[in-house]
Every structure is written in structure tokens, then in C-alpha cells.
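The values are calculated or read from the model by the stated rules, or taken from the named source; none is laboratory data. Every value quoted in this text rests on a predicted model; they were computed, and no experiment measured them. FYI the Cβ positions are ideal-geometry reconstructions off the backbone, even for glycines, and counts take in every protein chain you see. Surface accessibility is based on the protein's heavy atoms, side chains included, excluding ligands, DNA and RNA. Shrake-Rupley method; radii C 1.70, N 1.55, O 1.52, S 1.80 Å.
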Amino acid sequence: MKLALRQTTHIVPDGSRLVLYDDDRARFPSVRFIDSTSGSILCLIHKDGSLQGAAQTLTELVRRPIDHSNRLVDLVFNRFAAHFEEVSNSANSDRHTMISSVLGHRHKITGELNTDPRLEHPVQIAWIPTWNCRSECVYCSVGASRGRRKDPKPHVSLDHMLDVFAEAQEIGVTSILVHGGEPLLYPSLLRAIQGLKERGFHVLVSTRERVNAEDAKALHDAGLNQIQVSIDTFDQHTTELLHGHRSTVDDLKTTILSFQNADVRVLCNTLLTALNIRTVPSLLRELCALGVGRSVLSWYQRSPLAMREDLLACEDDKSWLHEEIMSCKPEILPSMELCYQPWSSAHARSVCSGGREALVILPDGQVSICDRLAHDSRFRIGDVTTQSLLSIWNSQSLQNLLYPGREPFAGEQCHDCADFEMCQRLGFCYVRSLVANGRPFASDYNCQRVGQPPSRLD
């Protein structure tokens, strides 16, 4: 066996720095900026297949004692061990292009470190091919539930979208998230998946539809190797409260089993609300018993199209869930990966990926910085039917949202705050501002310097 970087892990030059990110955003949600030495060592470990081999190569490159190289390799590996996996010695783990660019880049680091987390190009695209949806999710943040949102006319053609994705591949996008609406209601989904996989993208489709064995096999044959099933509970009464009377637990179990039988890895996403939080531990145990590969737990947050405060979990329920998950982890972790953060950790300030790492393409070809703001024209920054992705990425419309400056915040605490530039680099959460204040350029109640919001946000 040898060590190899995960196939979904990437290390790429970005101007004067190196960027490490993973297409598996549920497990590795953040883009990380790393120094050239660390990037080079990670690539040497992958190239040589072992820590010892990497240390020996490093010694030859930098002409330092082997003990020094061993310590350095161990230090870097321990920081980034989660991005490695063991593979057989015969496995094809060639990443020649990436390794060459990183090892060549180590001589080009000059000047001051660029602390802006925005990349020179997007690495991920969330594609919404259709707004059509048959579910009635009470927490839908894009307004697609209950058929409230119809597809535009004209609808951007798949042929044009495949041209867009060809450009995306050229500029460095590696991951395409397909959601909606309900992606499985998109008539050309099979051809879309085939085209995306042929271009080498990491593709993740999200669904709540009932899928039979025949349809699951067709998706597998098109190239789909994993699917995310949105499932919040296996309690039928709670399912109906969250998703309407049309939705049944048996439908979701059928979907899971159909994809597993078609050799498509099943991942599950659960939104934590006041209605289902007490059913989550039993859900995790059942998903584990069904052979689900990974379960992601996410906290419900209010958004402009999902304002219900009664769906927010209370403090007692949050504490109870954390204790329950800690107790059941030893039972489920050997066979199912669990992605969960306690509420307090999940809501710590982090970099907003919208316009910094990712873009959202809508059914009519318009581009937004966030799927939860897709309904609002103020946050649409371009149109792939008339513009290239890179021109949208570098457009003034996007720059105005990412770096608005202090003036739009006149009258807010942010306007005169000493940390304004830091917050601007991380990104303002326009969703939270709209929910709390009804306007985008307002103080974020997630900041410890701002008082309590007029109503609960999350």
C-alpha cells in the first residue's frame, strides 16, 4: 500500500500563493491557502507514496540533513492527513500535471502574502437546471417547493450549457453541484451528467424524488457514481409536516436501495429543524443499517424565502442532539461517515464562498452569488448566454458585491468599524442582513460587536 492524495483533493497555484481544496465540500468546506514548502511536501508524499520516500527526496532537493526533512514531512503530513488515503501499489494515482505545477511554483513566491481569500477563478459551480419540484418542503430557501417557481422561457439549452462547462474546465473548475428545484425532473439530465463526467468534473446531484431501479441504473450508466438524497427523518408524520402528504418514507428508502443496487454511492443530507431534531439519532442508525456511505447534518437557517421562526431548534434540543450524536458515533462511524458540527461551531464566522470560490448558474443562464439569493436581481452578476464565465467572475457587478466599501453601510456599526476590511475579505452575509434588517448592507448579527437581532435568525 502507498499514500496518495485523494482524487478530489487539489493543490493549485493562484497568483503568488498555493490553494488547497477538495471537491467534497461537505467534508472539506473551506479553501485553504498554503505555503509553497507545504504544497511541495504534500506533492512529494503523493509522488513517492510514503513519508520516508518524500523525506529522502526533500533532502536531495534542499540539501538538508535527513533528520530535518523527516521532521518537516511529519509536521506537514499531520496537518493535512485527512487529504490522503491508502491505495494499492498498482493503483493509478498519477497527478503529474498538478505535481509539476506545484513543484515548479515553489520558486515563484515573491512579495507579500495575498490575504484575500478570493481565487483568480471559480473552482465550483452550483448548477440549477430546473426550478420544477414536486416536494412541498416548508423550509425551501429557493422558493421551488409547491410548484411556486416555474422554469423561464426561453430555457437555456443543454448544448449551450455544455459549452459553458467546457470553458469551466479550461479555467480550473473541478466540481459541479446539481440541485434545484428537483434535478431529476430536468429532461436532459442523463445527457448532462454524461457530458460533465466526460469533462472530468466531480459531480454531485441532490434529490428527494422516488427513484426506481431502472432510472438509477440509467443514471449510473450515464456516469453518475454518487447521489445525495435529502432525507430529514424516517418518521412518516414528521415527513408529512416537513414535506407535505405526497412525500413518504418508503419512497426515500426505495431511492436509497435503487441507487445502491446500481452501484451508485449514496450520501444523505439532513436539515436540522425543531420538527425533526428529536428523530435524527434513530434516522442515523437506520441510514447506517441501509449502508449509506455518508450523512451530512446541516442546521436550518432563515432566509428571504424561508422565514419561519418556528422551525429553529431551541437550545435544549441542540444540546440534546449533541449528546445523542456523541453517544451514537462509536456505533455508526465504522461504517458511515458523519459530517456534523454543533450549532455553536457551525455558525462561527467563515469565508463566504459566493463569488470567492463558487458561482451559481440558474435555469435561464443568469448567474448569482448565492442560491438563497437567486430570486433577487440585485445579486445576479451576469448571464452565461451572453458572457464567458471568466468575464462574469471579473465583472464589476461581482466586484461591487464583494467589495462594496463603507459607503453603503452609512448609519450602521460596520461603517466605522476597525475590522471592516477583514469582514469585507471574508464576505458579508447578505442573506442574514435581509432576514434581520430587510436590506443587504446592514450589520450582521453574527458579529459579537452587534447587539441581539430583532428576531431569531438561526
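The table below lists the values:
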| quantity | calculated |
| --- | --- |
| Asp416 out of contact with any Lys or Arg (no Cβ under 9 Å at 6 or more places or on another chain) and farther than 22 Å from Pro117 by Cα | no |
| Qualifying residue in the range 194-206 (condition: touching a Pro at 6+ places or on another chain (Cβ under 9 Å) and within 18 Å of Val138 (Cβ to Cβ)) | yes |
| Wholly enclosed helices (runs of 4 or more DSSP H) of the range 341-430 bearing at least 1 residues touching a strand residue (DSSP E or B) at 6+ places or on another chain (Cβ under 6 Å) | 343-346, 389-393, 396-402 |
| Failed item in (1) open to solvent by 30 Å² or more (accessible area, probe 1.4 Å); (2) part of a loop (DSSP other than H, G, I, E, B); (3) at pLDDT 90 or above, with Leu177 passing the rest | (2) |
| Single condition Gly147 does not satisfy, out of (1) within 30 Å of His375 (Cβ to Cβ); (2) open to solvent by 70 Å² or more (accessible area, probe 1.4 Å); (3) at pLDDT below 75 | (2) |
| Matching residues, the range 359-385, being modelled with pLDDT of 95 or more, within 21 Å of Gln301 (Cα to Cα) and small (Gly, Ala, Ser) | Ser368 |
| Filtered residue count, the range 11-49, keeping only those that are among the β-branched types (Val, Ile, Thr) and farther than 15 Å from Val73 by Cβ | 4 |
| Residues of the range 2-37 satisfying the condition of being over 24 Å from the mean Cα position of the chain (by Cα) and modelled with pLDDT under 85 | Ser16, Ser36, Thr37 |
| Meets criteria (surrounded by 13 or more Cβ atoms within 10 Å (Cβ to Cβ), over 30 Å from Asp163 (Cα atoms) and among the hydrophobic types (A, V, I, L, M, F, W, C)) for Phe428 | yes |
| Scan of the range 218-248 for residues that are open to solvent by 60 Å² or more (accessible area, probe 1.4 Å), over 18 Å from Arg134 (Cβ atoms) and not polar (S, T, N, Q), ordered by number | His220, Asp221, Asp235, His237 |
| The range 318-338, residues that are outside any helix (DSSP H, G or I) and buried (at least 16 other Cβ atoms within 10 Å of the Cβ) | Met336, Leu338 |
| Flag for Val156 being over 28 Å from Leu252 (Cβ atoms), at pLDDT 90 or above, over 21 Å from the mean Cα position of the chain (by Cα) and hydrophobic (A, V, I, L, M, F, W, C) | yes |
| Unique match (being modelled with pLDDT of 95 or more and either small (Gly, Ala, Ser) or over 20 Å from the mean Cα position of the chain (by Cα) (or both)) among Ser388, Ser443, Ser433 | Ser388 |
| Which listed residue is assigned to a loop (DSSP other than H, G, I, E, B), among the small types (Gly, Ala, Ser) and open to solvent by 10 Å² or more (accessible area, probe 1.4 Å), from Ala313, Ala274 | Ala274 |
| Which numbered condition Ser258 misses (of (1) farther than 18 Å from Glu182 by Cα; (2) open to solvent by less than 20 Å² (accessible area, probe 1.4 Å); (3) touching a helix residue (DSSP H, G or I) at 6+ places or on another chain (Cβ under 8 Å)) | (1) |
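Residue-by-condition table, conditions (1) out of contact with any Lys or Arg (no Cβ under 9 Å at 6 or more places or on another chain); (2) open to solvent by less than 30 Å² (accessible area, probe 1.4 Å); (3) in a loop (DSSP other than H, G, I, E, B); (4) at positive phi:
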position: Val156; (1), (2), (3), (4): yes, yes, yes, no
position: Met161; (1), (2), (3), (4): yes, yes, no, no
position: Phe165; (1), (2), (3), (4): no, yes, no, no
position: Arg191; (1), (2), (3), (4): yes, no, no, no
position: Val205; (1), (2), (3), (4): yes, yes, no, no
position: Glu209; (1), (2), (3), (4): no, yes, yes, no
position: Glu214; (1), (2), (3), (4): yes, no, no, no
